[in-house]
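The next block holds one structure in the form of structure tokens; read it before the comments.
Every number in this text was worked out from the coordinates using simple rules, so none of it is lab data. Just so we're clear, the structure is a prediction, and the values are computed from it rather than from any experiment. With ideal geometry, Cβ positions are generated from the backbone for all residues, glycine too; neighbour counts draw on all protein chains shown.
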Amino acid sequence: MPYTLVIPGVLLLIVSFVLFFLVGAPSPESARLAEVTRIASPLSEESEKRLRLLSASGLSHLFGGIRKLIGSDPNPEVVRRLALAGYRKSEHADIFLGIRLLLPALAGLAVAFFVKDNTIFWFFLAVTGAFFAPDVWLSQAIVKRKERIRLGLPDALDLLSICIEAGLGLDQAIVRVGHDLGITHKEISDEFTQINLEQRAGNPRITAWRAMADRTGVANVRSFVNMLVQTERFGTPISRSLGVFADALRTQRRQEAEEKAAKTTIKLVLPLVFFIFPSIFIVTVAPAVIAIMKSFSKFF
């Protein structure tokens, strides 16, 4: 089999397994749809057993058992990165570590069965790529979640300010905002819900806020927490502070968009030089050059 077919096949296999096993919790819309369809058409016992086996808990039991046989504990750094990506359950670490071990084995088997020439080279290349594929996926998931939190924070602050001005306390406003943003900004909703749970468990309010800043890893969230801590200490009106902070975040976002728009002229230089200008040169100048060469060929 030619290498042009083997390499995309191995990459497709890796991406398919990563997407299948490392997919997060379903969205609220899909969860509601699944609940309605489950009520409308109940599944058989065999189907329910298969779904349990393919669920996150079933996979965690499988990979957790393998991890216990090996005798290793989840790496705290991996657990922290999974939390930054929104995967905070203990089963997610077992699934991630299991996928990290399973993908290289599958990629190595694929190369062993389908590659006949330079098998050792392609084997090490496929195994190495499959081993680092979950880390690359996790890094991208962390970046995307931080970006969604950063873009949705001004809307959450406006809604929080409205709730406080309507007469709710800060804790009740955080609960209400977390409930109302469950569909549009699920990441911020999860963070506000986590704050409420930590406060109900007995953690001080400032400690819960700072824990949210550490979980998200977003600079704007950290600034928001610092602002809340200052208003808590000095007793300043929090609704006015939230409005000013939300306006500052929107101004910052607009400035970042303008900066990116200004950079496009410089980024277009390379495509213009290497792709557009040669095409224009060939279309406009090449016919004249060919005509001149034909005219001078008569004299030689």
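Here are some notes:
- Couplings for the range 258-268, taken from phi via the Karplus curve 6.51 cos²θ - 1.76 cosθ + 1.60 with θ = phi - 60°, read 5, 5, 5, 5, 5, 6, 5, 4, 6, 5, 7 Hz in order; Gly and Pro are left as x.
- Residues 259, 191, 147, 91, ranked from the fewest to the most other C-beta atoms within 10 Å, line up as 259, 147, 91, 191.
- Peptide packing: for 212-219, 162-169, the average count of neighbouring Cβ atoms within 10 Å per residue gives the ranking 212-219, 162-169, highest mean first.
- Annotation for residue 183 and residue 120: the two label points, set 7 Å from Cα along the Cα-Cβ direction, are 6.0 nm apart.
- Candidate lysines - alpha carbon under 27 Å from residue 186, same-chain residues fewer than 8 apart omitted: 89, 144, 146, 260
- Distance from the range 195-235 to the range 69-134 (C-alpha centre basis), Å: 35 Å
- Potential extension, residue 80-residue 261 segment - 0.36 nm per residue separation minus Cα distance: 61.7 nm
- Footprinting exposure proxy ranking of 119, 231, fewest other C-beta atoms within 10 angstrom first, gives 119, 231.
- Averaging the sequence gap over all C-alpha pairs within less than 8 Å and six or more residues apart, then dividing by the number of residues, gives the range 83-158 a relative contact order of 39 percent.
- The dipole here belongs to the range 195-300: it is taken about the Cα centre, uses +1 on the Cβ of Lys and Arg and -1 on the Cβ of Asp and Glu, and is about 140 debye.
- Unit charges at the beta carbon, dipole of the range 180-300: most positive-side option, 297, 228, 278: 297
- Rounded if a/c under 1.5, otherwise prolate or oblate - the range 145-232, Cα gyration tensor axes: rounded
- Computed label-point distance, nm, for sites residue 288 and residue 226 using a 7 Å Cα→Cβ extension: 6.1 nm
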